[in-house]
1. Please specify each residue of the stretch A:116-133 satisfying the condition of being in contact with an Asp or Glu (Cβ under 7 Å, 6 or more places away or on another chain) and under 22 Å from A:HIS288 (Cα atoms).
2. Scan the stretch A:521-538 for residues that are within 13 Å of chain B (Cβ to nearest Cβ) and without any contact (Cβ under 8 Å) to a residue 60 or more places away in the chain and report the count.
3. Out of everything in the stretch A:507-524 that is in contact with a Lys or Arg (Cβ under 9 Å, 6 or more places away or on another chain) and surrounded by 16 or more Cβ atoms within 10 Å (Cβ to Cβ), what residue ends up being farthest from A:PHE424 (Cα to Cα)?
4. Only one of (1) within 14 Å of another protein chain (Cβ to nearest Cβ); (2) exposed (fewer than 15 other Cβ atoms within 10 Å of the Cβ) fails for A:VAL504. Which number is that?
5. I'd like to check something: does the stretch A:670-682 contain any residue that is surrounded by fewer than 19 Cβ atoms within 10 Å (Cβ to Cβ) and aromatic (Phe, Trp, Tyr)?
6. For the stretch B:78-134: of the residues being of a type in the set (S, T, N, Q) and touching an Asp or Glu at 6+ places or on another chain (Cβ under 8 Å), which is surrounded by the fewest Cβ atoms within 10 Å (Cβ to Cβ)?
7. State the number of residues belonging to the stretch A:638-684 that are under 27 Å from the mean Cα position of the chain (by Cα) and within 14 Å of another protein chain (Cβ to nearest Cβ).
8. Scan (1) surrounded by fewer than 17 Cβ atoms within 10 Å (Cβ to Cβ); (2) facing chain A (nearest Cβ under 10 Å); (3) within 16 Å of the chain's Cα centre (by Cα) for the single condition B:LEU166 breaks and write down its number.
Amino acid sequence: MFRINLIKVVIPFCMVLFTIAVLASPQPKKVVDQNGQPVLHASIWVDGKLHLPIEEDGTVRSSETKGTVVKIVALGFETMQLSWEEWQKREKIVLQEKSGILDEVVVAATRTDRTVESLPLPVTVLNSEKIQQTGGLRLSDVLQEQTGLQIVSQHGTGLQMQGLDSDYILILLDGEPLIGRTAGTFDLNRLSISNIERIEILRGPSSAIYGSEAMAGVINIITKSSGRENQLDVGLRHRSFNTWNPTGNLNLGSKKWNTSLFYDYFETGGFDLRPETIGQTQNPYQAHTAQVKVSGNLSEKWQSSLFVRAYQENSTGEMQSSGNEILDMNNSRSDLNINPTLRFKPSQKFLISLRGMSSWFSTNSVTRFQSDQSFFDIQNFDQFYHRTEVQTDFQATPTHLITLGLGQLIETVDATRYEDKNRFDAGYFFLQHQWDPKPKVNLVTGLRGDFHSQYGERLSPKIAGQYKFSENFSWQASIGAGFKAPDFRQILLNFNNASSGYYVFGSNLAEEGIRRLENEGLIARVLIAPENLGELKAESSWAINSGLRWKIGSKILVQGNLFRNQITNLIETAPIAQLKSGQNAFSYFNIRSVVTQGLEMDFNYAWNNHLSFSIGYSFLDSRDLDVLERIASGELFQRNSQNQTVRVTRADYGGLFNRSRHSGNVKINYHHPKTGIDLALRGIYRGKFGFADLNGNLILDDKREYAPGWMSLNINLTKTFSNGIQLELGGTNLLNIETPAQPNNPGRMLFTGIQLPLMNFIKN
Amino acid sequence: MKTNLKSIFYLLIFFGAFACDTTDDAQPRVELEAILVADLAAPNDVIDRNTGEVEKVNPFQYFSLEQNAIVSETDDWDLAFKGTTIRTNSSKNVKAAIVSGIFEEINQVPTSATFATDSESTFAIPTGSGNGWYNYNSATFTVTPIPGRVILVKTTGGNYSKIEILSYYKGNPPADQIDPRATPSGHYTFRYVLQTDGSKNF
C-alpha cells in the first residue's frame, strides 16, 4: 500500500520523460474518453511495468510483442484491465469516467497530494469540466451550485459553509491565502474562473494546518498550468446586464520551463432590483485580472516557481444620502500577490518546500455631492500581508508521511478609520502525520500552534480517520478545533458616525477612546469600565464531521457528511458607554455562542456514457445558545401580528438569520453523440430563510421574517468542435424569480461564449 | 397640537366582586383600566445627515400620566418625549424602572425593580438600542419597541404606573409595514395603567 504518495501528480510528467523512443508499430491504438477525446494523461502498464507513451492525438504505438495483462490507468477514469489478446485486437480503448470524482487529487486537505478517496475528510473537487458546466464567470457562480454552500450578500458576495459566514472560510489561491475582506466578507466576485483548473472544497475546521479563519472550511482554487505544451487560447463571453468577459491565455513550455500568462477583463453594467430608489443594487464595474506563472526544474532535485497575480477593479454609482442629497460614488479595489516557491527533493523520501507570499490589498472610495462635486467622504484601506513558510514532507515508510511546517507572517494595515499604521506579527508551526496502519484504515493527525503579537498563542489539534469496509464503502470521521483571530477592525477601529453620533472603538482603543470622550465631557454613563474590558480573545470552535462514500456498482455514488460546529467567543459589538446625546459608544466583545449542525448528501447516477444525473441535499440547523437560554427562562418576548406581547417559545425560534434549513440541487448532464453537444441542466433550490427581524426582538421567530424558498433553473449547452473551438450558450434563473431578500440574484441571466485554441490553427 | 388621547381597553373584570366574603375589603377590587395614547408626536431634532449638525431643534413633549394629557413644561409632567429619548421629571421626583414581562401579567411592582431618577447626564429610562425601551434594527433601519419591556413610573402624584410602548411610527403600523424613509417616526403609541390608590398593585 503506497496510498500516501509524495509524488503523485508528478507521475504523468515523469512518465513522459522516462519513456523510451518507440518504434512505429503496425497496430496503433487510440486511448479516448466517452466523447472520443484523447486521454493524454493515461498510463499503460504491461504486466505491472510502466509502458508506452501516448501521443498528442491519443495514439499509442506498441513496441511490445508479448505480455499477459495490460492495465490502462488514468486520473478521473475507471482503470481498465485487458488480456494481451484483447489489447492486440482493439483499435480504440474507450475509458469510462469514474462515477463521481473520488480519485481527484486534493492538496488543500493535507498540503500533500492525496486523492479524495483516500482522505478521511469531507472534500469535494470541482474539475474544469464541472466548473465550465455552470457557465459562470466569477467564483460565486460556481460555488452557489454546490450542495451545502450558499452565496449571501453581506458587504460583497460572500460564501456560507456549514452555516458559517464568509469570515470563517479561508480562501486559498494555489494554496496561498487571499487577503482583503470587507467587514469579514471575502468578495467572491473578485475571482474570475476562466483560468481555474479545479476548486477544492474542504469542509470542517482546518485550523490544524491553516490557523485562523479556517473554521468552517477551506476553498482552494488551483489555477491552470498546461505542462510542456505551447498554447494560446482566447475567449469571449457575454451575458445579460451588459456583461463582457474577454480572456487570453498563453502558455509557453519547454522541457525545463513553463510560463503561463493570463489576462481577464470583466465588465458589467450591474443591475437594479429597486428602480424606484436612487442607485443600483449592483453598480457597474470593470475588473482586470492578470497572472503570470513561471515554473521550472533547476535540476533533477530542485524545482522553482513564481506566481504573480494582479487585480484592479473600478466601480461607479449613485446613492441618496439620508439627508436626501444625491451622491456620486467612485470605488476602486486592487490586489497584488507575489508568490515564489522553491522545492527541493533530495531523495524519494524528502520534499522540502520554501514558499514566500506577499499580498497587497487596497480599497479607495470617494463619495461626492452630485450637486457641486464637493467631497462627502473619502475612505482608504491598505493592507499588506507577508508570509514565509517552509514545509518538509518526510515519507518515513510507505505508510507514514510526516509533515512539518514552520512559518512567519507580518500583516500591516493603514486605513482612514484606523489610527496610524498598525502591524501584527505572528509565527506558527504545524505538524501532521498521515498514517495507514492497516490497508483498510487511514489516519490523519495534525496540530498547529500560532503565536501572535495581538491575541497570544493558540493550539489547534485535529484528528481524522477512515475505515474502508470494502473497495466500495468507506466511513470517515474527524474531530478538530477551529479559530478565527480578531481582525483589524475588531482591534483597531476608531470610528465616529457623524450623522447619528455614535462611536465604535476596536478593543485596543476602547480605553483611550472612552477617556477622550470623557475629557470632552460627552459621556453620560460608563456602562463597562474600560479597564475591565479585558483582552479580546479569538473566536473558537470544536467540530465533528462524519461521513460515508458508497459506490453501488459502477453507476452510483453516494456521499454524505454529518457535521456539528460548536462555536464560542463570537465577537460582537456592545455598548460600553452612554453619551449625553443619547447615543452609545461601542466596542467589541466575546459574547455569543452558536451551534450549527446538519447533513449534506450527494447522490450521483450515471445512466450510461451519455446521461448522468445527481441530487444534492443539505439540512442545516443553527442556533444562538444565548437566545435559547433567554427563551428557556421566559425572558424573550415577541409582538404577534395583533401587536400583543407574548413569550417566545422554543418552537417559534428559527435559528440564525440567512440560513436555509433545507437546500439542494438536481443536475442532469447529457452528451448528445450525434451533434456532440453537451447539455447541463440544473435546478438549485434554496429553502426559506430568515432575512430580518420584524417584530422587535432582533431574533428570528415570526413567519413574516422569512423569505420564501426558491429554485433557480440553470442551463448550459456546449459544443466542442474537432478543431478545439468551443461554443456555449445558456442561462441562469430561467424562471426569472425575484428574491428581494437575496439582492445578489439579478433575475434571469442569459449568456453565450466562444473559446478559441489559437495554437491549433497556427500549428496546422 | 392636537392631543389624541383615547381610552380603548375597557377590561372591566370583577375579581371577587361576586365571590368574596364580607370580611374582605369593603370595596371590591376593580381591574384597572388600560389607557391607550395614540400617535403622541414627538419628533427628534432635524439633523443634517451629511454633516451631523442640528438644523432645527424640536421641543420635548411633556406628558402627564395623571391627567392623560400633554401639558406644558411648567406643569406637573411625568414623562417628556423627543425622538427615542424619554425623560422623567426629576424636579418632581418622578422615578422610573424598566422590567421584563407581559404587560397584563405585571400585577404589582416587582421588588426587583430598581427605580431611578434622571440626572443631568443620565436617564432613568436608558437610551440607546437594546438598553431601554427600543431596538434599532440596522438591517431594516427601524426602531421597534422591545417586546416585553415594561416601564414602571412613580408619578408626580406618587402613584405607580406601568407603561408599554407599542409603536414609534405614526398610525401604529405593524412592524413589517414600516418604511423607515416614508413612515413618520417619533410618533409614540403606548398604553398604560395608573394605580391611583398609591399601592404597588395594578
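1. If the condition is that a residue be in contact with an Asp or Glu (Cβ under 7 Å, 6 or more places away or on another chain) and under 22 Å from A:HIS288 (Cα atoms), then A:SER128 is the only one that fits.
2. Filtering the stretch A:521-538 down to residues within 13 Å of chain B (Cβ to nearest Cβ) leaves A:521-528.
Still in the list and also without any contact (Cβ under 8 Å) to a residue 60 or more places away in the chain: A:521-522, A:524-528.
The qualifying residues number 7.
3. So the first thing to find is which residues in the stretch A:507-524 are in contact with a Lys or Arg (Cβ under 9 Å, 6 or more places away or on another chain), and the list is A:521-524.
The next check asks that each one be surrounded by 16 or more Cβ atoms within 10 Å (Cβ to Cβ); those that pass are A:522-524.
On the way: A:LEU522: 32, A:ILE523: 31, A:ALA524: 34 Å.
Across the stretch A:507-524, the extreme among qualifying residues is A:ALA524.
4. The one condition A:VAL504 does not meet is (2).
5. Narrowing the stretch A:670-682 to residues surrounded by fewer than 19 Cβ atoms within 10 Å (Cβ to Cβ): A:670-677, A:679, A:681.
From the residues that got through so far, the ones that are aromatic (Phe, Trp, Tyr) too are A:670.
Scanning the stretch A:670-682 turns up at least one residue that is surrounded by fewer than 19 Cβ atoms within 10 Å (Cβ to Cβ) and aromatic (Phe, Trp, Tyr).
6. Step one: filter the stretch B:78-134 for residues of a type in the set (S, T, N, Q), giving B:84-85, B:88-91, B:93, B:100, B:107-108, B:111-112, B:114, B:117, B:119, B:121-122, B:127, B:129, B:131.
Now drop any that are not touching an Asp or Glu at 6+ places or on another chain (Cβ under 8 Å), which leaves B:88-90, B:100.
On the way: B:THR88: 25, B:ASN89: 24, B:SER90: 15, B:SER100: 17.
Per the stated criteria, the residue is B:SER90.
7. So the count comes out to 3.
8. (1)
The values are calculated or read from the model by the stated rules, or taken from the named source; none is laboratory data. In this text the structure is predicted, and so the values were computed from the model without any measurement. Glycine gets a Cβ as well: all are built from the backbone with ideal geometry, and neighbour counts include every protein chain shown.
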